[in-house]
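Each value in this text was obtained by applying a stated rule to the coordinates, not by laboratory testing. All of these numbers come straight from a predicted model, not from anything done at the bench. Reconstructed Cβ throughout: ideal geometry from the backbone, glycine too, with neighbour counts over all protein chains shown.
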Amino acid sequence: MFGWHGKILRIDLSEGKSRVEETPSSLMRDYIGGRGMGARLLFDEIDPSIDALSPENKLIFATGPLTGSGAPAASRFIVSAKSPLSSCVSSPCCGGSFGANLKYSGYDLLIFEGKSPHPVYVTLLNERVEILDASLLWGMASSETEEAIRKEMRSKYLLDTWALNAMGIADIGPAGENLVRFACIMSDGGRAAGRSGLGAVMGSKNLKAVAALGTRHVNIANVQGFRKAVMEFYREARENGELYKRRRYGTWSLPGRANASKSQASFNFREGYSEAFAKYEDPEVIRDLIRVRDEACFACPFACGKRSRIKDPDFPLTAKGPEHETMALLGTNCGMGEMEDICRANYLCNDLGMDTITAGAVVSCAMELFMEGALPEKDLGYPLEFGSRNMLRLLKEIALREGLGELIAEGGIALATRYGRPDLYMGVKGMGIPAWHPQAFDALGLQYATCNTGGSHTKATMPFYEGRKDPAHFVEFTKKDQDYIAAADSGVLCWIIYHGPLWGEKLAEWLTYVTGMDFAPEAIGRLGERIWNLERLFNMRSGVMGKDDTLPPRILTEPRVKNRVVHLDKLLVQYYELRGWDSSGVPTRERLQMLGLEKEGEGVI
Amino acid sequence: MRIRIDHKVCTGCKQCEIACSLAHTETAAPWRSRIRVFLGEEFCLPVIAGPYTEASCNSKGTLVVEGVEVDACVVCRASCPMKSVYKEPDTAIPLKCDFCGDPPDPQCVKWCAPNALTLVEG
């Protein structure tokens, strides 16, 4: 078989047993892999109304046909499960080498079911699968966990330095163990399947880590054509400067741009600009300050990842990031103006295994509650004004569920409601909204509001790219981008490297070379729309409805940035119409029929 | 002709491993590649497979690269019984770089985006 292996590894943690199944060919054709397959399997196999932290939830690590094929920037993996934060179906995407290793082990998908009676971790050495006791790993930080597993694997399987170096590990930190609702799954010591709290799902299953080392191969249908096409793609990327730009700055070119244009989430979205951060507007400054080396995900020539280090004896080692979203949410949005402080918060979140975006959103919410006098100092034990370094203390308390952390670990809504100001949590469907201030671009508000997984920026694109600036086309592009990204996430193509029309075009091109099946860009748009609608139907069964397609009141009513508010009502009407949904955001029978989902819609439409 | 390695700009993307395996095995298979990249914290080291050696040596030690201690086994190019790399995973047949034929046309060099690998005279 080309591209796919056609095999799913299913591990029942309750029974401690694993089995291999064949991937149905219809699943490959209609859902490609990654996010598409994950959504389909979750829809088919779990009741969407279950508690996300119950053993009934399933945790799916999904690769796509391009993972491990060498298609540039396309070796990511997706983790799918019902989210404990938003109650939506969720599919965070993660880079690094775990996806490729899972694929080279001979599987397309790895599904975890049930709940282990005690902490375990799972190792995959090609077809050899073992479920091992993790009681000694429990409580360890993410980076420590990886080190300990590598050490264990060295003595247990006599692996040499090279093999240990190539191994990919996905794990959770203390936040995931303690079921913090925005805990993430970490990989390669700093990459994260970040949004929507799947670390807590992993923790609820008593699963500390999965380590994979695969030495198999991925078959490619048209090898010569594929090699030529990759070389051509390199040539283009060299000529248009993308290859250089991404490697040099990665996402570090963005926070300065956002801050300078008054669009950077700052002070809990009260502002779009932070004066203290202005010194980092030139990405060269950040590069000089903290960069150690440029670090690529597996098979990505763009290498936008950055390994960094700060001069602090408490953080002696190099670590990944921080990326733009982290700089904004843990930085400007919490009023932090020094890169060292942002790095500390980032490293801490990585080691604790917490999503830096939602963590930033809940901390900034706590800060504003404190400033407003709604959150008394005695509840915290220390002052927490904007820019306070006590933030690090709070982050630790959240992950360990100590003190007020116990409440905050349940999410920003719980915190803001408890102190009587639910309007101060800047989230959509419970998930903190990311770096770009939606009041800077109307279309961004629409994207955050309608995203199937909650307030996420990776399921559509920023409206400042070419062709997306004209307000008359905002809605059209939002829908189109959402559909194409749903397909690209199924490949699994990197959302950030490919942009705009490239999602569809390049996905179609790589898929055709690698799998030997015909994929046309138009068909891919339709396929993405099917995934999007299926996710919507899952969410509706879970109780997340059209009324939840909204934004925090601050964004809708208080003109904070550029003296504007987001006119979401108007945009939503157009958006629902374009989607073929009724005025309350429910997909119509006609549209579902067109997408081949009429059976799936039964009972909710 | 030789392949010059500039570890300072290597990003550890491993596209060279993919390029090598596509050229030699027509599959994407890093473990069947004749070049491997060791991922370090401060820098990455691409190492190209050299001659086969029948026995492991006893001159193990460490090298210091850019102030960082590196296991000498990692820098050594030999396809050796002690190492998991530079051999076919299923048959253990040793592998060695052949510059992708004559005249030399190493695919790893072509696929190296940051130009950590370059083909030079001499």
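What the table shows:
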read-out	value
Test item: A:297-304 mean partner chain Cβ contacts at 10 Å	6
Exposure proxy ranking, count of Cβ atoms within 10 Å, fewest first, for A:Lys396, B:Lys83, A:Lys429, B:Lys60	B:Lys60, A:Lys396, B:Lys83, A:Lys429
For the range A:104-149: rounded, prolate or oblate by the Cα gyration tensor [a/c cutoff 1.5]	oblate
Positive dipole terminus of chain A, leading residue within A:Ile185, A:Leu375, A:Ala488 (C-beta point charges)	A:Ala488
Distance-filtered residues of the range A:246-282 - backbone nitrogen under 17 Å, label point 7 angstrom along A:Asp312 Cα→Cβ	A:277
Estimated distance in nm for a label pair at A:Lys378 and A:Lys17, the labels positioned 7 Å out from Cα along Cα-to-Cβ	5.7
Alpha-carbon Rg with Dmax, taken over the range A:478-605, Å	16.9, 53
Ranked by how many other beta carbons lie within 10 Å on average, peptides A:29-41, A:51-63, A:190-202, A:558-570 from highest	A:190-202, A:29-41, A:51-63, A:558-570
Estimated dipole of the range A:241-425 in Debye, rounded to 20 [Cβ of Lys and Arg +1, of Asp and Glu -1, Cα centre]	660
At most 16 other Cβ within 10 Å, DSSP loop - GluC sites (Glu not before Pro), the range B:1-43	B:Glu26, B:Glu41, B:Glu42
Length added when fully stretched, A:Ala520-A:Val292, from 0.36 nm per residue minus Cα-Cα	77.9 nm
Against the rule of thumb 2.2 N^0.38 Å, how large the Cα Rg of the range A:241-425 comes out	1.04
Mean Cα-pair separation over length for the range B:3-122, i.e. relative contact order, pairs under 8 Å, 6 or more apart, %	33
Fraction in percent of alpha-carbon pairs per bin - 10 Å, chain B	14, 44, 36, 6
Highest-first arrangement of A:409-416, A:542-549, where packing means the average Cβ count within 10 Å	A:409-416, A:542-549
Distance between the range A:243-298 and the range A:315-333 - C-alpha centres, whole angstrom	10
Inter-chain Cβ neighbour average for residues B:83-93, partner chain, 10 Å	3
Residue among A:Ser69, A:Tyr107, A:Val201 farthest towards the positive dipole end of the range A:7-213, charges placed on Cβ	A:Ser69
Normalised alpha carbon radius of gyration of the protein assembly as shown [divisor 2.2 N^0.38 Å]	0.91
Over the range A:437-601, relative contact order from alpha-carbon pairs under 8 Å, at least 6 apart, %	26
For the range A:437-601, size of Cβ-based charge dipole, Lys and Arg +1, Asp and Glu -1, in debye	480
Mean Cβ count within 10 Å, highest first, over the residues of peptides A:8-18, A:103-113	A:103-113, A:8-18
In nm, spacing of pseudo-spin labels at A:Leu502 and A:Lys7 (7 Å Cα→C-beta vector)	3.4
Partner chain coverage, peptide B:33-41 - average Cβ within 10 angstrom	3
Chain A, relative contact order in percent, only Cα pairs under 8 angstrom and at least six apart counted	16
Ellipticity estimate at 222 nm from DSSP helix runs (n ≥ 4, -39,500 (n - 2.57)) divided over chain A, nearest 500	-11500 deg cm²/dmol
Label point 7 Å beyond Cα of A:Glu242 along Cβ direction - residues of the range A:479-523 with amide nitrogen under 12 Å	A:494-507
Charge dipole of the protein assembly as shown about the Cα centre (unit charges at C-beta), most positive-ward option of B:Leu119, A:Met1, A:Pro48	B:Leu119
Student exercise, chain A dipole from Lys, Arg, Asp, Glu Cβ charges, in Debye to nearest 20	860
